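This report refers to the structure that appears directly beneath it.
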Amino acid sequence: MISEPDFFGKRALVADDYPASQEMFQEMLELLGFNVDVADDGERALEMYNKNFYDVILMDIKMPIKNGYEVTEDIRRIEKNKRHTVIVALTANAMAGDKERCFAAGMDAYFTKPADIRKLRSILSDLLLNKKSE
C-alpha cells in the first residue's frame, strides 16, 4: 500500500468516458493526495483544462467527441511553450503504434490498464516531483 501521499495540493483531471475507470483513477489519485476532477469526453476535458490549472491530466486515448490525441494536440497548441501540463495517456487495448502516436501528439507518458497504483505513482513521481531534465 502507499505509505505517504506525495502530491498534496496538486490538481489532476481524469479524462475517460468509462465510469468504472473514472472512479478507479479518481480514487487512486486521491490516495496519492491529488484534488481530482473528472471529464467524461474529450470536449469536456478541453473545456475543463481551459477553466482550471491542472498539474496532470490522465487522458484516455479513445473517447467520444474528441479523442485523447486530439485533446492533447489542442492543449499543446494552447500552451505554446508558456507552460507544460503533464499528460499521461491511458489505454486498455494497447495496439501497435499507440505509444508512438501518444508521444507524437505531445503526451508525456503512456499507462496501460489495468491500473496499478504503484506504477502510476512512479510515473507521476518521475514527471512531477523529480522534474526530469529534457
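The values are calculated or read from the model by the stated rules, or taken from the named source; none is laboratory data. Just so it is clear, the structure is predicted and the values come from calculations on it, not from any experiment. Quick reminder, even Gly has a Cβ in these numbers, built from the backbone with ideal geometry, and neighbours come from all protein chains shown.
At-a-glance table
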| item | result |
| --- | --- |
| Yes/no for D108 being modelled with pLDDT of 95 or more and either touching a strand residue (DSSP E or B) at 6+ places or on another chain (Cβ under 9 Å) or surrounded by 14 or more Cβ atoms within 10 Å (Cβ to Cβ) (or both) | yes |
| Filter result for N35 (modelled with pLDDT of 95 or more and more than 14 Å from D16 (Cβ to Cβ)) | yes |
| Candidates E47, E73 - the one that is modelled with pLDDT of 95 or more, surrounded by 13 or more Cβ atoms within 10 Å (Cβ to Cβ), over 12 Å from the mean Cα position of the chain (by Cα) and farther than 17 Å from R118 by Cα | E73 |
| Candidates M63, M1 - the one that is surrounded by 16 or more Cβ atoms within 10 Å (Cβ to Cβ), touching a helix residue (DSSP H, G or I) at 6+ places or on another chain (Cβ under 9 Å) and modelled with pLDDT under 95 | M63 |
